[in-house]
1. Within the set of other residues whose C-beta is less than 12 Å from the C-beta of residue 32, count the net charge using Lys and Arg as +1 and Asp and Glu as -1.
2. So, with +1 on the Cβ of K and R and -1 on the Cβ of D and E, and no other charges, what is the size of the charge dipole of the chain about its Cα centre, to the nearest 20 debye?
3. Please label the shape of the chain as rounded, prolate or oblate, based on the square roots a ≥ b ≥ c of the eigenvalues of the alpha-carbon gyration tensor (a/c under 1.5 means rounded; beyond that, a/b larger than b/c means prolate, else oblate).
4. For the range 11-122, what is the relative contact order in percent, using Cα pairs closer than 8 Å and at least 6 residues apart in sequence?
5. Helix-derived [θ] at 222 nm for the chain: sum -39500 (n - 2.57) over DSSP H runs of at least 4, divide by residue count, nearest 500?
Amino acid sequence: MTWWWVCLGAAVGAPLRYLTDRAVQRRLGAGLPWGTLVVNVAGSLLLGLVTGVAGQQTGDGALVAGVGIGLCGAFTTYSTFAYETWQLVEDGAAASAALNVLVSVLAGVAAAALGLVIGQLL
């Protein structure tokens, strides 16, 4: 039954990623891959939150499977982050590429840690 929760979460996460990415890019422009940054940081926060909450409960793991693995797995995107960073390098924007890596990693880890702490407090 767990794999159904993963599929359901992924079916929500993938279109949500696409729509969020497009909305953010339209608003902030194409200078940096802002949409990918937003979805990855938001997904990291949500995954930390789910992990923190799940650690406080006993159950069948549906929350972690559906939201943590399915939704967050489909919502966040390492491959797009890597591709867009490489595109910045190829376009001669190495400083922007380095900034993208630095901000994405630091903000993602910080968001996951914040989510975990909040989840443990709930």
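1. That sum, taken over residues with Cβ under 12 Å, equals -2.
2. 260
3. Values: a/c = 2.71, a/b = 1.80, b/c = 1.51.
In terms of gyration-tensor shape, prolate.
4. Details: 143 pairs, mean separation 47.2, N = 112.
About 42 percent, as a whole number.
5. Working: 5 runs with 94 residues, N = 122.
So the helix-based figure for the chain works out to -26500 deg cm²/dmol.
Throughout, read-outs are computed from the coordinates displayed, never taken from laboratory work. All values reported here derive from a predicted model rather than from experimental measurement. Because the Cβ atoms are built from the backbone with ideal geometry, glycine has one as well, and the counts that use them run over all protein chains shown.
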